[in-house]
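Student: Here it is, the structure in full.
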Amino acid sequence: MVIDFHTHTFPDRIAERALASLSKASRTLPFTDGTNDGLLASMKTSGIDLSVILPVATNPGQVEKINGSAAGINSLFPGKLISVGCMHPMYEDWYDELSRIRDLGLKGIKIHPVYQGVDIDDPLFIRILKRCAELDLFVITHAGKDIGFPGVDHCSVTMIRHAIEETGPFRFILAHMGGWKEWEDVPSLADTGVWLDTAFSTDHIIPADKEEWEQDELVMLDQDTFVHLVKIFTPEKILFGTDSPWSDQKASLDWIRKLPLAENEREMILHENAENILGIH
């Protein structure tokens, strides 16, 4: 069993346009066509059994429609695709919409402080985190810098710690191994109880055009540094994710399987921890 806890898809009618825009901003190429069917095809060739889709509301007006669509995905692709909900920090009806997310059967929400232009420890987000804790919804957030927004940082390790201190205990998952391109600071969060996902954080970035990049910009986590983080946070707190379509699912899975980890540790990362969070067995 392999669960990819971090993927993205778009409605068929906008997938091509969305990928083109994001590809231009990130200077990388996608590995699927960005649709649900494209993700399913990638999973089949990669040996991945279940993918978790993480939708992002880039403006408050998208929230309700995205959450309704997320529930629809869960009905259409049972056992293959699971979508979480979304929330935007400036959405006015956030309190009741989070209740609706729970009532729709969605297990958690995705937030993206960089795309949404608000610090993770801003009161606008803190109220959402506290409400999710009350409703037993997990929260997964983009963490660290973002490849498409150079110089912008709305979810640093310091901000994350402050948010946790303000909110109290809840199920909090930090994408990109806790802080993309800020991995030297991530160990300081080991005492907070957060989970980390592995999405778009391992090996090297595959650019659309190498001429547009400095070589050191392409470097992400090597095996030794990655395993060090796993040991610090413990394997029980690591979730396999790829960020598909922005990473190749098969290559990401092969990279994890080659790590010097015990078999039981690898099983935790590849599916057991995700099963516990999603409540599936």
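The values are calculated or read from the model by the stated rules, or taken from the named source; none is laboratory data. Only a predicted model underlies this, so the values are computations on that prediction, with no experimental measurement involved. Glycine gets a Cβ as well: all are built from the backbone with ideal geometry, and neighbour counts include every protein chain shown. Accessible surface areas use protein heavy atoms only, side chains included; no ligands, DNA or RNA. Shrake-Rupley method; radii C 1.70, N 1.55, O 1.52, S 1.80 Å.
Student: Please enumerate the residues belonging to the stretch 102-119 that are among the basic types (Lys, Arg) and in a helix (DSSP H, G or I).
Tutor: Correct list: ARG102 only.
Student: Additional query: Looking at THR167, THR141, THR158, can you tell me which residue is hydroxyl-bearing (Ser, Thr, Tyr) and surrounded by 21 or more Cβ atoms within 10 Å (Cβ to Cβ)?
Tutor: Result of the check over THR167, THR141, THR158: THR141.
Student: Still on this structure: Mind checking which pairs have a first residue in the stretch 87-104 that is among the polar types (S, T, N, Q) and a second that is surrounded by fewer than 21 Cβ atoms within 10 Å (Cβ to Cβ), Cβ under 8 Å, 6 or more apart or different chains?
Tutor: SER99/LEU135
Student: Next up: Kindly evaluate THR242 against the criterion of being within 30 Å of LEU19 (Cβ to Cβ) and in contact with a Ser or Thr (Cβ under 6 Å, 6 or more places away or on another chain).
Tutor: Yes.
Student: Could you tell me how many of the residues in the stretch 225-281 are of a type in the set (Asp, Glu) and within 24 Å of LEU106 (Cα to Cα)?
Tutor: 4
Student: Further question: Out of the residues in the stretch 79-101 that are closer than 16 Å to THR7 by Cα and part of a loop (DSSP other than H, G, I, E, B), which is least open to solvent (accessible area, probe 1.4 Å)?
Tutor: For the stretch 79-101, the residue satisfying everything is VAL84.
Student: Is there any pair linking a residue in the stretch 211-238 that is without any contact (Cβ under 8 Å) to a residue 40 or more places away in the chain to one that is part of a helix (DSSP H, G or I), with Cβ under 7 Å and at least six apart or on different chains, and which?
Tutor: Hits for this filter: PRO235/GLU265; PRO235/MET268; PRO235/ILE269; GLU236/MET268; GLU236/ASN273.
Student: Could you list all residues from the stretch 124-138 that are part of a loop (DSSP other than H, G, I, E, B) and surrounded by fewer than 22 Cβ atoms within 10 Å (Cβ to Cβ)?
Tutor: Correct list: ASP136 only.
Student: A further question follows. Determine whether the stretch 242-252 contains at least one residue that is at pLDDT 95 or above, of a type in the set (Lys, Arg) and farther than 21 Å from ASN276 by Cα.
Tutor: The answer is yes; a qualifying residue exists.
Student: Something else: Given the conditions (1) out of contact with any His (no Cβ under 7 Å at 6 or more places or on another chain); (2) among the hydrophobic types (A, V, I, L, M, F, W, C); (3) under 23 Å from TRP195 (Cβ atoms), report the number of the one that PHE77 does not fulfil.
Tutor: In the conditions (1) out of contact with any His (no Cβ under 7 Å at 6 or more places or on another chain); (2) among the hydrophobic types (A, V, I, L, M, F, W, C); (3) under 23 Å from TRP195 (Cβ atoms), PHE77 misses (3) alone.
Student: Give me a count of the residues in the stretch 25-69 that are outside any helix (DSSP H, G or I) and not hydrophobic (A, V, I, L, M, F, W, C).
Tutor: Selection size over the stretch 25-69: 13.
Student: Give the residues of the stretch 38-78 that are over 24 Å from ARG100 (Cβ atoms), open to solvent by 30 Å² or more (accessible area, probe 1.4 Å) and of a type outside the set (A, V, I, L, M), sorted by residue number.
Tutor: LYS44, THR45, GLY47, ASP49
Student: Condition test on THR202, is it closer than 27 Å to ARG161 by Cβ, in contact (Cβ under 8 Å) with a residue 40 or more places away in the chain and among the hydroxyl-bearing types (Ser, Thr, Tyr)?
Tutor: The answer is yes for THR202.
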